[in-house]
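One structure below.
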Protein chains: 4
Amino acid sequence: MIDLSCDYNNGAHPAVLRRLIETNGELTSTYGLDVYSASAAEKIKKACGISEGDVFFLGGGTQTNMTVISSCLMPYQGVISASTGHINCHEAGAVEYCGVKVITLPQHGGKIDPGELEAYMRTFYGDESRDHMVFPGMVYISYPTEYGTLYSKAELESLRRVCDEFGLLLFADGARLGYALACDECDLTLNDLARLCDVFYIGGTKVGALCGEAVVFPKKAPAHFITMVKQHGAMFAKGRLIGVQFDALFTDGLYLKIARNAIDRARELRRIIADRGYEFFIDSPTNQQFVKLGNEDAERIMKAVKCEVWEKPDPGHTVLRFVTSWATTEDDIKAFGDVV
Amino acid sequence: MIDLSCDYNNGAHPAVLRRLIETNGELTSTYGLDVYSASAAEKIKKACGISEGDVFFLGGGTQTNMTVISSCLMPYQGVISASTGHINCHEAGAVEYCGVKVITLPQHGGKIDPGELEAYMRTFYGDESRDHMVFPGMVYISYPTEYGTLYSKAELESLRRVCDEFGLLLFADGARLGYALACDECDLTLNDLARLCDVFYIGGTKVGALCGEAVVFPKKAPAHFITMVKQHGAMFAKGRLIGVQFDALFTDGLYLKIARNAIDRARELRRIIADRGYEFFIDSPTNQQFVKLGNEDAERIMKAVKCEVWEKPDPGHTVLRFVTSWATTEDDIKAFGDVV
Amino acid sequence: MIDLSCDYNNGAHPAVLRRLIETNGELTSTYGLDVYSASAAEKIKKACGISEGDVFFLGGGTQTNMTVISSCLMPYQGVISASTGHINCHEAGAVEYCGVKVITLPQHGGKIDPGELEAYMRTFYGDESRDHMVFPGMVYISYPTEYGTLYSKAELESLRRVCDEFGLLLFADGARLGYALACDECDLTLNDLARLCDVFYIGGTKVGALCGEAVVFPKKAPAHFITMVKQHGAMFAKGRLIGVQFDALFTDGLYLKIARNAIDRARELRRIIADRGYEFFIDSPTNQQFVKLGNEDAERIMKAVKCEVWEKPDPGHTVLRFVTSWATTEDDIKAFGDVV
Amino acid sequence: MIDLSCDYNNGAHPAVLRRLIETNGELTSTYGLDVYSASAAEKIKKACGISEGDVFFLGGGTQTNMTVISSCLMPYQGVISASTGHINCHEAGAVEYCGVKVITLPQHGGKIDPGELEAYMRTFYGDESRDHMVFPGMVYISYPTEYGTLYSKAELESLRRVCDEFGLLLFADGARLGYALACDECDLTLNDLARLCDVFYIGGTKVGALCGEAVVFPKKAPAHFITMVKQHGAMFAKGRLIGVQFDALFTDGLYLKIARNAIDRARELRRIIADRGYEFFIDSPTNQQFVKLGNEDAERIMKAVKCEVWEKPDPGHTVLRFVTSWATTEDDIKAFGDVV
């Protein structure tokens, strides 16, 4: 059965696995203080074009979101997210579990509109009851979004301007960051992210690693961030497990190279969908494709292709999500073409 | 200056104050175990037509909401609220501070639509990712709502049916409960609330008391609720302060009697607004009246009447909120009529 | 039955009650922004000899402790307390509920030893694992302590020195502050507390008020403290309830004057205990007296005097706590003498 | 340099790594629903002699402790730990971050004394103020303890009896469980743990895995435990990473077999220490050895052996901790013998 259900149903990229094997017998420092984590951090900083700043390695996306958000905000502050943001929908309330309110703005293809953000902030500071409200302290975006869409550089710069005006931190969830950066449609680089965000993370779990996300604070991490990582249960005794993997992913541009495969496969998949005359639910240039199908078509396809039912926009239709990854082969997509 | 800004800018109702004075010299048990709290609880249970169940006295609305909600839910559960719900807007994230996500549904005049609640729950339980989501465990309504509107008995029964089907608790925030029950338009009684809700509270602060809300669990309070009250900082050493006040409010039907005054004054105020040809922003039968005015009218009126700017629906208009209370006099309303 | 069980089983001091009665009919601003709260804050600042700083009025002791502690600390920090500290023993884990660890040091008559504090801090900063530990961020003391004892000025200055050396905030829980300051044995004044503490509170509930504690930040409150007060459910809609009471308590030195009564009565009570040849469990100069009695004596006395069993130091003995207050009369103590 | 600093400074056991390599190319279900996690769970249940019950795989020790403890307790409950318990000392307040108080009892070689536990519980339930206190809801033990010591079966049965009498859950932190079970001095088996504990975990990180702990609920996990795992950020997208490792560790008794190596090496190390006439700080039969040395000896040894300074019991002495693991070789110990 063809499996396009997600981008984390496989193991590690062979080059990543190889480094785990090669380093397995070594004794290293623990808790992320090992040479591989240090080396990976340096390579990431170089790739981001920053000389200062801090890089930390955490285990997964939800863990990273809850740790970063709650560590950067004061208790009277909340985090703004698109209503479809991962933190608002599919993290079991982890951010709220840390005591932080998620303030939602309308989503537009999974994105926050800078104008609506500005309007929200103006209304907030114009409201005489604001002392009784959660103060927005951070804007959370996902890049790419949960719908596979991308903020343009202009949009991100607009968000940044609003953040600067109102003292908001800008945080980009990059669980699938590679699949954004590898797109032709993407006009942003790691350097841009480092310039425009206060903190973002580079997803490893979905882009070649067994686990792990690299959190980048381009300027400076909050004081004692490491203790808050520990406090959230997010510190690995064998921190090298993630360090080694990111060290491999950021050697010789591996991260973007393998991400590119997913984009190429997604383009092929899009062509098949278009050829068949199916309707795209949303226009995504990245590795997640959302297709609106009649229920019968959807059921037929799901017998041959493992994929996710995203939603039911009306009683007669079903939106399916097809996901490619660094590991998806041309043959996979051809086989997909044979059955849809 | 006429003050219609809110219903908690005054002291206690004279009959309530009198009981505080009369009992001031007595020595009583502490932490809510005094004879007055016990007596008040009995009177409230009688007024609700329940023989079992538990009544507790807390200090204020936000405190009550956060304590009740977090004490009734499991950590994997969240609370559903209209987007305009007080817990979602004006409690500084107190519920989330307790680790609980507020799940919002659209508001209709401040109310949740039972059909939309049911649809939400069906979608939730049909979602294969639901283990990654916060499980709805409670429906929070305010009665009357933040817009002064009321659920009808039929609507509340519909909510109850949905709650029963999906194992949801139903919690009514009655910070202004008296001003609902005293309305002619209200077809619900305390008995109905006790029958239909798992927990609700009877607001004292806004209806004749200096402070205090009476939380009613018509069947049974969660185990060790008293310890969780203490844990939330919501237990008064001199618990009698609230007990005595509710004992007075529930003697000879005082609570509803004094609430009725606010309703009568609100009706007079509505008549003036209608006579002047102003537009109601929303149709409220209770003690809060929302009037949509041209900005010039709004500014003029605000020079003579202390009231709250509720919102700016468009650049040319301002919505003002006028609030009556048990203490508002006919003269106040006449004076209001002279200036609007 | 003579009641010496605690200092919060009565109503308000008559002068406090009178002001509540006199102001009852007035309309005031809400949420603590009223003229009485402002006036009380000014009087308190004057009594403390400070011109800057902030004063807030909260409802009760546990509420104040949890709000102040969690608002002043960063998430990686904890609060140091004597093992017998109220926050560690009798607040139902309210501080931990806010996510903050209580780090305990041994108690000496309810007090922290400055030398032991310093040793603890040296060990902490000498520990290479300290990033895996909660960073001490505040020292919590109660003044007087839960055992009625007092820190001397020299002891408090020593604590301050250690706090300065290690960047610790010093917070004094003054739930019974009046009963310390009114003692002849007390060599500290409000001015000293304001000089030596980063934050402390002046207890109202136990010293003449129906409810309320005045939190004093002699230098400056944390940013947006008011929102955190709201978030903890600790803001009163009718904030004047507490403001009026503290305004009365800090008019013409009432607070210390009425506290002095408790001290005089406690001295009479001590003399009786000594005359009878009973053993003091601890030497307390304030309004709480702890007496170690044979079980038979204890049982006999408890039939005539309402008081608290403090502990059972050994199978044959019982420690009883007798508490005087501003309201205890000479006749009460004489009656006590007749039965013990 | 000889490295005896800890048991998590290496990679995975070769047989564990081999399975990761062999399965790397497969596509599996995600979030722990894969075949390897299922297989590992079955093997663990078999090894524990249970047919019912639930097994979950989490990432590390602190994460497991905070997730299990906060998911099993009600908000009014706390967890009892020896003062030296890992949750009390070296987890950066993670348990308190989840809102749960850690109640400490004295440690005896790192262990709780069943009699002292019982006395604590009797005092608690005899205390009339207990509603103002955190209710003990769970006993946390580490097995082996942080000092390498072991509860005997009789001791664990005694703890169980007290837990049964007072309605306490018994939770064993088995971060180093293999190193207990592999000892000759250990009279407990996995079956005993499953019979006597309500929940315990089998440490992988320190016993052959790259990461991962297997949480065993011998009877039944709390409802929706999986959602609470997600909420704590403790769910791995590629859950198979841990599943595969535990599947390998519980094939052909690998877990105990490799743990035995650490015990054999520790015995050799102990013999050397004894031969040299050094003093053991504590008598540990497991893979952690604590040696009390004159400062000069300690400094000399630390130049040749990487190890941890445990504490300074007095100005002239230093306690060093030497740790063996499944990977320590006889040559390592011989080399150790040459330099101490």
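Peptide D:25-32 has a mean shielding of 5, counted as Cβ atoms of other protein chains within 10 Å of each residue's Cβ. Remark: spin-label model distance A:E299-A:E330 equals 3.6 nm, labels positioned 7 Å along the Cα→Cβ axis.
Looking at chain D as a GNM with Cα springs under 10 Å, which of D:T145, D:T318, D:T123 has the largest mean-square fluctuation? Maximum among the listed residues: D:T123. Each Lys and Arg contributes +1 and each Asp and Glu -1, all at the Cβ; summed about the Cα centre of the range B:14-253, the dipole is approximately 620 debye. Label-point distances for D:R161 to the equivalent site in the other copies, using a point 7 angstrom along Cα→C-beta, read 5.2, 5.8, 7.6 nm when ranked shortest first.
What trypsin sites (Lys or Arg not before Pro) does the range A:231-340 have in DSSP loop regions with at most 12 other beta carbons within 10 Å? Don't jump to the answer; show the numbers that get you there.
Numbers: sites: A:K238, A:R240, A:K257, A:R260, A:R265, A:R267, A:R270, A:R271, A:R276, A:K292, A:R300, A:K303, A:K306, A:R321, A:K334; in loops: A:K238.
Of the trypsin sites (Lys or Arg not before Pro), not one in the loops of the range A:231-340 has a Cβ with at most 12 other Cβ atoms within 10 Å.
Dipole size of the range A:110-222 about its Cα centre, with +1 on Lys/Arg Cβ and -1 on Asp/Glu Cβ: approximately 400 debye, rounded to the nearest 20. Dipole magnitude for the protein assembly as shown: about 0 debye, using +1 per Lys or Arg Cβ and -1 per Asp or Glu Cβ, origin at the Cα centre. Just checking the listed ones, D:I80, D:I21, D:I103: in the Gaussian network model of chain D with Cα springs under 10 Å, the one fluctuating most is D:I21. Take each residue in B:127-137, count the other chain C-beta atoms within 10 Å of its C-beta, and the mean is 6.
State the percent of C-alpha pairs, over all pairs in the range B:183-266, separated by a distance greater than 21 angstrom. Tail of P(r) above 21 Å: 39 percent of Cα pairs. Reducing the range C:105-177 and the range A:16-42 to their Cα centroids gives an inter-centroid distance of 41 Å. Based on Cα atoms of the range A:104-164, Rg over Rh with Rh as the Kirkwood radius reads 1.00.
Distances, shortest first, from the label point of A:D264 to those at the same position in the other copies read 5.1, 8.4, 9.5 nm; the point lies 7 Å along Cα to C-beta. Based on C-alpha pairs under 8 angstrom that are at least 6 apart in sequence, the range A:188-332 has a relative contact order of 19 percent. The three principal axes of the Cα atoms in the range D:143-239 give end-to-end lengths of 40, 34, 21 Å, sorted in falling order. D by Stokes-Einstein for the protein assembly as shown, Kirkwood Rh over Cα pairs, 20 °C, 1.002 mPa s: 64 µm²/s.
A dipole drawn for the range A:217-340 from +1 and -1 charges on Cβ atoms has a positive end, and of A:P285, A:V305, A:A237 the residue lying farthest that way is A:A237. In whole angstrom, the range A:173-321 maps to an equivalent ellipsoid with semi-axes of 35, 18, 15, each derived as √(5λ) from the alpha carbon gyration tensor and ordered largest first. Under 5 Å between amide hydrogens, built in the peptide plane, is the criterion, and for C:T84 it picks out C:Q107 among residues at least 5 positions away or on other chains.
3J(HN,Hα) couplings calculated from phi for the range C:175-188 with the Karplus curve 6.51 cos²θ - 1.76 cosθ + 1.60 (θ = phi - 60°) are, in sequence order, 3, 10, 3, x, 6, 7, 4, 7, 7, 5, 6, 7, 9, 10 Hz; Gly and Pro show x.
Sort D:H132, A:H108 so the one with the fewest other Cβ atoms within 10 Å of its own Cβ comes first. The partial results should precede the final answer.
Numbers: D:H132 20, A:H108 14.
Lowest count first: A:H108, D:H132.
Taking neighbour counts of Cβ atoms within 10 Å as a proxy for exposure, in what order, fewest first, do A:S5, D:S325 appear? Walk me through the numbers on the way to the answer.
Numbers: A:S5 18, D:S325 27.
Ascending Cβ contact count within 10 Å gives the list A:S5, D:S325.
Using Cα pairs closer than 8 Å and at least 6 residues apart in sequence, work out the relative contact order for the range C:115-217, in percent. Working shown, then result.
Details: 140 pairs, mean separation 24.4, N = 103.
Value for the range C:115-217: 24 percent.
Considering every Cα-Cα pair within the range A:14-253, what fraction, in whole percent, is farther apart than 33 Å? That tail contains 15 percent of the Cα-Cα pairs.
Compute the longest continuous run of chain A that contains no exposed GluC sites (Glu not before Pro); treat a site as exposed when its DSSP state is not H, G, I, E or B and it has at most 16 other Cβ atoms within 10 Å.
Working: sites that count: A:E26, A:E52, A:E128, A:E185.
It works out to A:186-340.
Cβ screening of chain A for cysteine pairs under 4.7 Å finds these without a partner: A:C6, A:C48, A:C72, A:C89, A:C98, A:C163, A:C197, A:C211, A:C307. If you take the charge dipole of the range C:14-252 about its Cα centre, with +1 on Lys and Arg Cβ and -1 on Asp and Glu Cβ, which of C:S51, C:L249, C:Y36 is farthest toward its positive end? Going by the charge dipole, the pick is C:Y36.
Beta bridges per DSSP, both residues in the protein assembly as shown: antiparallel share near 55 percent.
Between the listed residues D:G25, D:A194, D:L181, the Cα displaced farthest toward the positive end of the dipole of the range D:14-253, a dipole computed from Cβ unit charges relative to the Cα centre, is found at D:G25.
Read-outs: derived from the displayed coordinates by stated rules, not from any lab. The structure displayed is predicted, hence computed values, not measured ones. All Cβ positions, even for glycine, are placed from backbone atoms using ideal geometry, and neighbour counts span all protein chains on display.
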